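Below is one structure, written out as structure tokens; comments come after it.
The values are calculated or read from the model by the stated rules, or taken from the named source; none is laboratory data. On a predicted model such as this, the values are computed, not experimentally measured, just so you know. Methodologically, a virtual Cβ is constructed for each residue, glycine included, from the backbone with ideal geometry; neighbour enumeration extends over all protein chains shown.
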Amino acid sequence: MTIRNFAQLLDLALARAPRRVAVIGAGQRQTLHALRLAVGMGLAQCILIDDPHRLATIAEEQGVDISGMEVVAEPDMVDAAVLAVEMIHSERADLIMNGRAQPIEVLRAVLDAEKGLRLGSLMTEVSVFEIPDFDRLLFVSDIFLVVTPTLTQKVQIVQNAIDTAIELGIEKPKVAILASTEMVNPEIPANMDAANLSKMAERGQIRGGIVDGPLALDNAISIKAAKMKGIESKVAGSADILIAPDVESGNILAKALSYFAQARMAAVVVGGKCPIVLPSRSDPPEQKLLSLALGVYLTK
């Protein structure tokens, strides 16, 4: 079944629930509201890692019932992140979610060469967008983790995005490698990377999807724009996945979708021992819940 909206994602995540989630720095207003929703619907069993006094105070101020949720006392966010990773290794938790910790504090523990959650391949971020009046979910990667990816890293970014889309029921995801223009231009590194990725996919070095690029954004998602420019492509106009040239452009695209197109977003870090849910600390509870649902659904 192809998941086409977040209502379907939530239903299917609930079918795999509950999962045990270790929440780093759970003592944050929006996070506690999201976790209460998750527990109430049976999506997750929550392990709250934070200062117990802070947790109790915020829960009381917000009217959030945290009874029934396990509390682990660790006020230091660096140590809390390490503890969450240890819980994954000891099979005490199934996935990790961040609350109020700085992203770098979480990633330092997750990406630690000796004690982290790497499995040998590159861990990357995948964002999934539900856009009003758009007929499918749209995947964008990487908008957070790999700042200036090399061609080799882009291969893994594309592969991880394809694998995630397949998990959500897209049988043969169509991947557009974004650039400023669809013309291959040796003077623009992003265009050359896009052309190389397309050829590598043709030769089986990237598996499971149909990859094409370089494609400008309009050509990737608009059949009309692609036809007007005479672009012959199995991806143009019907992309499921957009691969950004770097974090800056990807992040700008993601925020434009959220603020101008009124898209809802769920995001996880994939490619490791378990999904890592890293919502923005400013995300409202409902959006944090969607990211957690995506993490639960992807948890093996």
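Only one entry in 70, 105 is of a type in the set (D, E, K, R), more than 28 Å from residue 11 (Cβ to Cβ) and in the same structural domain as residue 276 (by TED's automatic domain parsing), namely 105. Filtered by the rule that a residue be within 30 Å of residue 110 (Cβ to Cβ) and assigned to a loop (DSSP other than H, G, I, E, B), region 262-274 gives 263, 271, 273, 274. Residue 296 meets all of the listed conditions (1) in contact with a Lys or Arg (Cβ under 8 Å, 6 or more places away or on another chain); (2) modelled with pLDDT of 95 or more; (3) in the same structural domain as residue 140 (by TED's automatic domain parsing) but one, namely (3).
Counting only residues that are touching a helix residue (DSSP H, G or I) at 6+ places or on another chain (Cβ under 8 Å), in a loop (DSSP other than H, G, I, E, B) and either surrounded by fewer than 17 Cβ atoms within 10 Å (Cβ to Cβ) or among the acidic types (Asp, Glu) (or both), region 107-125 holds 3 of them.
Filtered by the rule that a residue be part of a loop (DSSP other than H, G, I, E, B) and of a type in the set (A, V, I, L, M, F, W, C), region 126-136 gives 131, 134.
Annotation: residue 131 fulfils all but one of (1) surrounded by fewer than 20 Cβ atoms within 10 Å (Cβ to Cβ); (2) of a type in the set (A, V, I, L, M, F, W, C); (3) over 17 Å from the mean Cα position of the chain (by Cα); the unmet one is (3).
Filter region 43-54 for residues that are surrounded by fewer than 24 Cβ atoms within 10 Å (Cβ to Cβ) and more than 22 Å from the chain's Cα centre (by Cα) and give the result. Those that are surrounded by fewer than 24 Cβ atoms within 10 Å (Cβ to Cβ) and more than 22 Å from the chain's Cα centre (by Cα): 51, 52, 53, 54. State yes or no: is residue 181 within 19 Å of residue 136 (Cβ to Cβ) and of a type in the set (Ser, Thr, Tyr)? Spelling it out, it is not the case that residue 181 is within 19 Å of residue 136 (Cβ to Cβ) and of a type in the set (Ser, Thr, Tyr). Annotation note: of 245, 279, the sole residue that is touching a strand residue (DSSP E or B) at 6+ places or on another chain (Cβ under 8 Å) and farther than 21 Å from residue 130 by Cβ is 245.
Which ones in region 137-193 are acidic (Asp, Glu), within 30 Å of residue 6 (Cα to Cα) and assigned to a helix (DSSP H, G or I)? Once the filter is applied, which keeps residues that are acidic (Asp, Glu), within 30 Å of residue 6 (Cα to Cα) and assigned to a helix (DSSP H, G or I), region 137-193 yields 163, 167.
Would you say residue 205 is under 22 Å from the mean Cα position of the chain (by Cα), surrounded by fewer than 20 Cβ atoms within 10 Å (Cβ to Cβ) and not small (Gly, Ala, Ser)?
Working: under 22 Å from the mean Cα position of the chain (by Cα): no; surrounded by fewer than 20 Cβ atoms within 10 Å (Cβ to Cβ): yes; not small (Gly, Ala, Ser): yes.
In short, no.
Exactly one residue among 80, 93, 73 is surrounded by fewer than 17 Cβ atoms within 10 Å (Cβ to Cβ) and modelled with pLDDT of 95 or more, and that residue is 73.
Among the residues of region 4-19, those identified as among the small types (Gly, Ala, Ser) and in contact (Cβ under 8 Å) with a residue 60 or more places away in the chain are 13, 17. Among the candidates 104, 88, the residue that is assigned to a helix (DSSP H, G or I), among the β-branched types (Val, Ile, Thr) and free of Cβ contacts under 8 Å to residues at least 12 places away in the same chain is uniquely 104. Does residue 199 qualify as being surrounded by 22 or more Cβ atoms within 10 Å (Cβ to Cβ) and either of a type in the set (Lys, Arg) or in the same structural domain as residue 13 (by TED's automatic domain parsing) (or both)? It is false that residue 199 is surrounded by 22 or more Cβ atoms within 10 Å (Cβ to Cβ) and either of a type in the set (Lys, Arg) or in the same structural domain as residue 13 (by TED's automatic domain parsing) (or both). Looking only at residues in region 225-250 that are assigned to a helix (DSSP H, G or I) and modelled with pLDDT under 90, the one that is surrounded by the most Cβ atoms within 10 Å (Cβ to Cβ) is 226.
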